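Since the structure comes first, as structure tokens, the remarks are kept for the end.
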Amino acid sequence: MYQPVERDIQLLRERAVQLAGQVARNKDGTLSDDELRPLRLQNGLYIQRHAPMLRIAIAYGMLNSRQLRALADVARRFDKGYGHFTTRQNLQLNWISVEDTPRALSDLAEVGLHGIQASGNCLRNITSDVLAGIAPDEILDPRPYAELLRQWSTFHPELTYLPRKFKVALTGTPEDRALAQVHDLAFEVVRAQPYAVFRVRVGGGLGRTPVLGPVIREELDWFDLLTYTHAVMRVYNELGRRDNLTKARIKILVRTVGLEVFRDLVEKEWAHLRDGPSRLMDGDLQRVTASFVEPDWTAGQIVIDPTNTLADKAQAEWQRWLNRNILPNKHNGYKAVLVPLKSAGRAPGDISSEEMEDVASLSDQFSQGFIRVSHSQDLVLPAVFEADLPALYTALRTRGLSHAVGGLLGDMVSCPGGDYCSLANARSIPIANDIAARYGNLDAQEDIGSLDLRISGCMNSCGHHHIGHIGILGVDKDGAAFYQLLLGGHSGHGAPAALGTVIGKAFAEDEIADAVEEILDFYLEVRVPGEIFREAVLRLGKDVFGKAADRARRPTQDEPEQGRASS
């Protein structure tokens, strides 16, 4: 991961001091709330339903133990002692005060963390694959290129007041584990020799109008990464809607003018930029790469069959953990380990200060101090000796962080929803907790098999409901919360990405978990041997699962129980 140099730290210190002055002027009345708003958003500070929220950018999901301890400390001193990891690899503090935010950011600056690019109409924090640099199927490690793009974009004046927020992803594998197709701009490595070449997608995104980003350029040489991005941003900045928030994203612009016209406009702009000062050179890549600190991969020893001396029941749990929470690592003798932030009574992605400190200590002991944040709101220890897996499992189990839910229903994704977010139409966390309680038994989850469930409290799709095998979207109907069910979505992990579609009418709050249960019960009845849920939906069609879900609907005054049951 990139190791901030003194210049980086000093810039972040100065930014925190600048925000402190802005907050002080707001408090004494010389800077209005409206004037403060864009300034605080540039530092990741929102005003949410009950309190301010600070979003902290974690560049392409990479953390070290010192940074995680700093996050734990800030959460304890300035918040309620916990944080929330998001689907974009960031951390949110949901109860911080406006006055405390500059102090928190000043402390985080010392470890290279900040809220810049975490909010506002700018080029947002860049994301990537949680296995970047260690994936066995990787063509090229995308992180140095993401870092080059991050450094260029962070204080770029043309990227500060865009028509709308702008999200970028880079991935180095044929399989899309970075959700590249649902980003405003995405770069996919297509080959590494004699130098890196990317495929470019533009105009993807979820929200009110979900779109899988089309390819705008099949091949882009790495040294054109910044200039081509600049060209795209200039076209978007000039033509993007600023009079209508729902139509301001680049996906609407691309759809309005057409991909071919948009490509021509970008190419025309690029002709003026391509050979300019932002064209990258070998020295730029060498400079950034030299600032990366990576685990020592030379000491790994392959262990064919790591064992654990546990009682029979615990031994079965250990084997399940090996099957579900161990991720591949291309370096001999090492594994990556999933640390799910999912369990009964826990909002998906939530983590206490004590747990952050525990994971930081375990990363020092077992992963050379390296940690990663996943798009599914979990943590990953990327550099664990195979021989250390039993000891790490025991330590995680003692701390309640060993739930073997990787790839199962228990690893569901959820936004904070109406319990926190001022934009939400409905609550997400209680729905996630209800479903988790019904399927708390891991045997039941294993029986269901591979399943990706995602929940959003509004159309902004922070829970990525469109790309879940089962998606749940909270909507408002005359002041009451209802939930739409979507089927057929897929993130692109292991199969082509797909967008789910709504099945039937929305469900009431006390019906939605029942509807999910009816769908899964029906799946267990009709599946063929070896068929996972997503495949069953493709084979049978969404409508038959929608009819199963309808069994969860409560009778209304116009629909008596007997008539409802017979329909």
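The values are calculated or read from the model by the stated rules, or taken from the named source; none is laboratory data. Worth saying up front: this structure is predicted, and the values here are computed from it rather than measured. Ideal geometry is used to build each Cβ from the backbone, glycine not excepted, and the neighbour counts take in all protein chains shown. When the accessible area is computed, the model is the full protein with side chains, heavy atoms only, and any ligands, DNA or RNA have been set aside. Shrake-Rupley method; radii C 1.70, N 1.55, O 1.52, S 1.80 Å.
Brief remarks follow.
- Of the residues making up region 506-536, those that are open to solvent by 10 Å² or more (accessible area, probe 1.4 Å), touching a residue at least 40 places away in the same chain (Cβ under 8 Å) and either under 30 Å from residue 183 (Cα atoms) or outside any loop (DSSP other than H, G, I, E, B) (or both) are 508, 517, 524, 532, 534.
- Sole exception among (1) crowded, with 22+ Cβ neighbours inside 10 Å; (2) part of a helix (DSSP H, G or I); (3) not small (Gly, Ala, Ser) for residue 134, by number: (2)
- Restricting region 1-28 to residues that are assigned to a loop (DSSP other than H, G, I, E, B), open to solvent by 60 Å² or more (accessible area, probe 1.4 Å) and not β-branched (Val, Ile, Thr), the residue that is nearest to residue 107 (Cα to Cα) is 3.
- Taking the listed residues 96, 139, the one that is closer than 29 Å to residue 326 by Cβ and at pLDDT 95 or above is 139, with no other qualifying.
- Residue match in region 189-199 (condition: closer than 23 Å to residue 499 by Cβ and either modelled with pLDDT under 95 or in contact with a helix residue (DSSP H, G or I) (Cβ under 8 Å, 6 or more places away or on another chain) (or both)): no
- Residue within region 401-412 that is open to solvent by less than 20 Å² (accessible area, probe 1.4 Å) and closer than 27 Å to residue 45 by Cα present: yes
- Scanning region 168-184 for residues being outside any strand (DSSP E or B), in contact with a Lys or Arg (Cβ under 8 Å, 6 or more places away or on another chain) and either surrounded by fewer than 24 Cβ atoms within 10 Å (Cβ to Cβ) or of a type outside the set (Gly, Ala, Ser) (or both) gives a total of 3.
- Residues (in contact with a helix residue (DSSP H, G or I) (Cβ under 6 Å, 6 or more places away or on another chain) and closer than 30 Å to residue 288 by Cα) located in region 10-32: 12, 13, 16, 19
- Residue within region 227-234 that is open to solvent by 70 Å² or more (accessible area, probe 1.4 Å) and out of contact with any helix residue (DSSP H, G or I) (no Cβ under 6 Å at 6 or more places or on another chain) present: no
- Verdict on residue 139 being surrounded by fewer than 23 Cβ atoms within 10 Å (Cβ to Cβ), of a type in the set (A, V, I, L, M) and part of a loop (DSSP other than H, G, I, E, B): yes
- If only residues of region 29-50 that are farther than 22 Å from residue 121 by Cα and over 30 Å from the mean Cα position of the chain (by Cα) are counted, the one that is least open to solvent (accessible area, probe 1.4 Å) is 29.
- Filter result for the condition that a residue is touching a Pro at 6+ places or on another chain (Cβ under 9 Å) and outside any loop (DSSP other than H, G, I, E, B), over 337, 380: 337
- Index of the failed condition, residue 376 passing every other in (1) of a type in the set (S, T, N, Q); (2) within 23 Å of residue 177 (Cβ to Cβ); (3) open to solvent by less than 10 Å² (accessible area, probe 1.4 Å): (3)
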